[in-house]
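Encoded as structure tokens, the structure appears first; notes follow it.
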Amino acid sequence: MSSAERFVRHHKRQTDRAISEAYSRLAPDASATFHELLRCIRDRGARILDAPVVNGRHQGIAALANLSRFRNAHVRRGSDWCGTSASWHRAVASLAHHLTCLYAVPVFLGASWHAAEDDYAEKKREWFVAHGRGASFRSLDLPIAMSRRMEHIFLQSRDHFSIEHAMRRAELLALGASNELVDAVLATRVVMDLRHGAFWPTVWRFLIANGQAIDVAQVGPLLDFVQAIRHERVAVETRDGTVLRDPPQPSFSMKGRTVQSVLRLMREWHRGLGVTTGGFSWSPSPLRPMFLEEPSQDSSAPPMVWQLMELTNSEQLRIEGSALHHCVASYAGRCWRGASRIWSLRVRRGAKIRHVLTIEVDLNKRAIIQARGWCNRSAAGKSRRLLKEWAARERLRLLI
């Protein structure tokens with residue numbers, strides 16, 4: 001049996017298990033709706049069943065279960081859906097629009113039905129229904145204050161955008177950020193966190209106002225620094241084991257600060273990472289490493305071997321950050337808590353190893369959300385091509 005056949009069989013078993021679990025969790029009325037939707041998609045939208053399984057959660061079946069729970073919001077019967085042969089996430093958006101909407105809703109908002117169960121998962125589904133009933137998006141209960149201009153930009157977002165990326169991008173553009181600054185911010189992890197909606201615009205205004213004085217390559221490290229000291233709990237080893245403590249400076253503000261003072265604080269924080277990250281380790285993810293050997297033009301020289309490997313302890317993160325001069329060591333606590341996965345792309349020729357790229361993967365969103373090279377430079381050339389190949393093989397979205 002080929003690897004492709006094994007994958008298909010394994011995925012079918014996972015799909016069957018997800019369906020069984022959905023029936024067991026749903027209330028009787030929702031279970032009946034789920035049964036109807038399942039029969040409907042098997043006839044007219046079977047690609048929903050092809051959706052990936054992330055952390056044991058089948059995203060297509062999760063979408064059907066959530067749509068079933070929202071049965072009181074349905075304005076049409078599932079049996080009347082015309083169906084689609086589009087990709088699974090487009091099919092989910094099409095079915096959700098048919099069931100709950102009286103007005104057009106952007107395709108990217110369909111991700112709300114299979115969104116990971118975070119602080120805003122249920123809210124996203126409520127936004128979808130309310131907007132589909134005719135409410136302006138900016139009038140909804142959002143974590144970010146939305147102007148008319150921001151709403152316009154947001155609703156024009158591309159189909160593959162996550163809701164978080166679309167919101168942050170619209171917020172930045174509405175404030176007057178350059179395309180380079182927008183790209184730099186969207187390549188960081190803070191974009192995926194919709195909390196602290198009143199604080200982050202103060203940072204965006206600071207970056208916009210000082211755009212000539214801040215190298216765009218320093219935007220990522222600066223945001224990592226602010227996120228870490230203001231919003232992230234710190235994992236600390238004690239005699240009683242590892243405990244989580246409150247963020248070091250939860251009231252940190254950009255008010256009255258200069259570019260020089262913020263960059264100085266950032267560098268001081270960066271220097272202390274090797275001391276404060278502790279000795280944490282975590283289990284590897286189900287993603288597979290990648291190896292690519294390229295023969296040398298000189299037959300007597302060793303081949304060039306590209307290796308993409310996962311980092312699974314804080315010491316490996318410290319070494320990676322030291323080799324590429326960035327702050328990935330600060331991600332130890334996030335990896336230990338399971339919030340992030342860090343991978344390293346390296347190239348080896350003989351005994352010489354060169355670190356090329358550090359990649360952050362969000363398994364809940366099945367996405368690569370950051371990739372940084374030397375001094376936080378973006379992935380380009382050969383390294384980006386390899387990253388795209390790995391993302392395609394592992395069925396990861398590339399959000400950079």
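The values are calculated or read from the model by the stated rules, or taken from the named source; none is laboratory data. None of the values given here were measured: they were computed from a predicted structure. So basically every Cβ, Gly included, is an ideal-geometry build from the backbone, and we count neighbours across all protein chains shown.
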Q: Scan (1) farther than 26 Å from Asp193 by Cβ; (2) crowded, with 18+ Cβ neighbours inside 10 Å; (3) at pLDDT 95 or above for the single condition Gly45 breaks and write down its number.
A: (3)
Q: Can you confirm whether region 120-128 contains a residue that is modelled with pLDDT under 95, assigned to a helix (DSSP H, G or I) and outside the structural domain of Gln59 (by TED's automatic domain parsing)?
A: no
Q: Looking only at region 197-221, count how many residues are part of a loop (DSSP other than H, G, I, E, B) and surrounded by fewer than 17 Cβ atoms within 10 Å (Cβ to Cβ).
A: 8
Q: Determine which single condition His325 fails, assuming it passes every other condition in (1) more than 21 Å from the chain's Cα centre (by Cα); (2) at pLDDT 90 or above; (3) closer than 17 Å to Gln370 by Cβ.
A: (2)
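Out of Ser157, Ser147, I need the residue that is at pLDDT 90 or above, of a type in the set (S, T, N, Q) and over 19 Å from Phe128 (Cβ atoms). Which one?
Result of the check over Ser157, Ser147: Ser147.
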Q: Output yes when any residue across region 87-103 is among the charged types (D, E, K, R), more than 18 Å from Ala22 (Cα to Cα) and buried (at least 17 other Cβ atoms within 10 Å of the Cβ), and no when none is.
A: yes
(Q) Considering only residues that are within 22 Å of Phe225 (Cβ to Cβ) and either in a loop (DSSP other than H, G, I, E, B) or of a type in the set (D, E, K, R) (or both), which ones fall in region 361-381? (A) Asp362, Arg372, Gly373, Arg377, Ala379
Q. Restricting attention to region 73-92, does a residue exist that is farther than 21 Å from Ala46 by Cβ and in a helix (DSSP H, G or I)?
A. yes
Q: Select from region 27-55 the residues that are touching a helix residue (DSSP H, G or I) at 6+ places or on another chain (Cβ under 8 Å), under 23 Å from Ile368 (Cα atoms) and not in a helix (DSSP H, G or I) and list them in ascending order.
A: Ala51, Pro52, Val53
Q) From the residues in region 292-333 that are without any contact (Cβ under 8 Å) to a residue 40 or more places away in the chain and among the small types (Gly, Ala, Ser), which one is nearest to Glu360 (Cα to Cα)? A) Ser314
